[in-house]
Structure formats: C-alpha cells, structure tokens
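Single-structure report; data block below.
Read the figures in this text as sums done on the coordinates, not as results from a lab. Bear in mind the structure is a predicted one, so any value in this text is a computation, not a measurement. So basically every Cβ, Gly included, is an ideal-geometry build from the backbone, and we count neighbours across all protein chains shown.
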Amino acid sequence: MNSTQPSRQQAWELLTQFNQSKSLIAHAVTVESVMRHFAQKFGEDPEKWGIVGLIHDLDYEQFPDQHCQKTEEILRSRGWPEEYIRAAASHGYGIVNDVKPESLLEKTLYAVDELTGLVAAAALVRPSKSILDLKPKSVKKKWKDKHFAAGVNREIIETGCQWLGMELADVIAETISGMQPVAEEIGLRGSPDQ
C-alpha cells in the first residue's frame with residue numbers, strides 16, 4: 001500500500017474479499033457508521049475511525065478460531081499502518097487476545113462493537129422494525145433482560161463505557177444516532193411513524 005492512510009475503497013474491497021455473509025457485512029457497515037459518528041463527536045478523524053470499524057471483523061467469517069489474529073496478518077501483509085492493525089486487534093481484548101484498548105479510537109470500538117448488536121435487536125422487535133424511531137430508553141429496558149440478545153456481552157460494553165468515561169445511556173444514544181444514517185443499508189429502515 002503506497003498511501004499512509006488506506007482508503008475506504010481499499011477497506012471495502014478487503015472486507016468483501018474475506019466476507020460473503022450479508023449479516024457480517026451489515027455489521028461492518030454498522031460499526032463503520034457508528035465509529036464515524038463518535039469520531040465527529042470527539043473531534044477525531046471520521047475517515048480513519050470509519051475504516052477501522054469497517055475492517056475490525058475482517059477475519060471472522062473465514063477464520064473464526066483465529067479471530068483478530070488473522071486480521072492482523074492480512075492487514076500487515078498488505079502494508080496497512082500499525083495504528084489500524086492494533087485498533088482492529090484491540091476489540092478482541094480479553095476474549096481472543098491481550099491487546100488492551102488504549103487510544104480513544106480503540107476504546108470506542110471496544111464499547112460499540114457489541115452494543116450495535118443489542119441496538120439492532122432492540123430495533124427489530126419494535127412494531128416499526130426501525131432504528132429511526134428507536135429511543136435509548138427502549139434499549140436500556142432490553143439491556144436489563146439478560147435473555148434478550150443473550151449473545152451480547154454486556155460486561156464488555158460496560159467496560160468500554162467506563163474507559164470512555166461515559167454513561168451507558170449516552171453511549172446507547174450516540175450509537176443509535178450513529179446507526180441511523182445507514183438504516184437502509186443495514187436493513188433497519190423499517191417503517192417508522194412519520
């Protein structure tokens with residue numbers, strides 16, 4: 001890779017080269033959009049944050065047993081900047097590796113990766129099946145029900161919120177806002193009340 005910063009097009013090509021699953025691609029697009037949203041909120045680079053969000057699960061479909069590790073190999077072999085590689089790996093902290101999130105970008109990815117799944121699930125059980133009219137309090141209600149979206153690791157989200165110094169309710173609200181621009185693309189446009 002010649003440029004210092006990879007382009008979204010390069011990230012997209014890699015994502016779709018290693019992933020065919022519509023749900024994994026939708027998750028990548030979701031996390032990309034939320035990361036861009038948080039970058040703008042924090043006065044950071046939305047392009048960089050979005051690209052990290054897009055490729056964070058690059059290896060998950062083909063190499064689930066080597067999650068994060070294979071992403072590091074794939075990105076390194078293509079000359080990606082170390083900052084991107086480390087950021088992508090850090091979301092696996094405490095689960096598949098010991099790369100602890102340190103930068104604001106890494107802490108944000110750690111907090112929102114799992115949370116986007118809970119928010120999406122909360123949107124899908126609404127009559128509208130839409131992220132566009134989803135309220136944070138609805139997600140908070142679902143949060144308390146451990147049987148709802150049981151695969152979502154709430155401890156990881158709580159840890160991420162603590163690292164960001166933000167309340168869970170605020171991170172939920174920002175995550176919803178970050179998902180709304182891609183509602184159509186991720187299948188969560190639904191039919192919100194006009």
Relative to the chain, whose Cα atoms define the longest principal axis, helix 22-42 and its Cα axis are tilted in degrees, nearest 10, by 90 degrees
Separation between the R8 and F42 pseudo-spin-labels, each 7 Å from Cα along Cα→Cβ, expressed in nm?
1.9 nm
Set Lys and Arg Cβ to +1 and Asp and Glu Cβ to -1, take the dipole of the chain about its Cα centre, and tell me which of V112, Q180, L24 lies farthest positive.
Q180
Within straight cross-link reach of K100, meaning Cα distance under 17 Å, which aspartates and glutamates are found once same-chain residues fewer than 8 apart are removed?
D57, E72, E82, E83, D113, E114, E155, E158
Once both label points are put 7 Å beyond Cα along the C-beta direction, the E73-N97 separation in nm becomes 1.3 nm
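Taking K and R as +1 and D and E as -1, what net charge do the other residues with C-beta under 10 Å from the C-beta of A149 add up to?
Numbers: positive: K142, K146, R154; negative: E114, D145.
Local charge sum for A149: +1.
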For a footprinting-style exposure proxy, rank K107, K144 by other Cβ within 10 Å, fewest first.
K144, K107
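By count of other Cβ within 10 Å, fewest leading, how are T108, T116 ordered?
On the way: T108 30, T116 24.
Listed from fewest to most nearby Cβ atoms, that is T116, T108.
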With an 8 Å cut-off on Cα pairs and a minimum separation of 6 or more residues, tell me the relative contact order of the chain in percent.
23 percent
How big is the dipole moment of the range 25-66 about its Cα centre under a simple scheme where the beta carbon of each Lys and Arg is +1, that of each Asp and Glu is -1, and everything else is neutral? Debye, nearest 20, please.
260 debye
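So how do W49, W143 line up by other beta-carbon neighbours within 10 Å, fewest first? Intermediate values should be presented prior to the final figure.
Details: W49 25, W143 20.
Neighbour counts put them in this order, fewest first: W143, W49.
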At a Cα cut-off below 25 Å, give the lysines reachable from K135, other chains included and same-chain residues fewer than 8 away excluded.
K41, K107, K144, K146
Phi angles of the range 96-112, converted by Karplus (6.51 cos²θ - 1.76 cosθ + 1.60, θ = phi - 60°) into ³J(HN,Hα) in whole Hz with x for Gly and Pro, give 10, 7, 10, 7, 6, x, 10, 6, 4, 4, 5, 5, 5, 4, 4, 6, 8
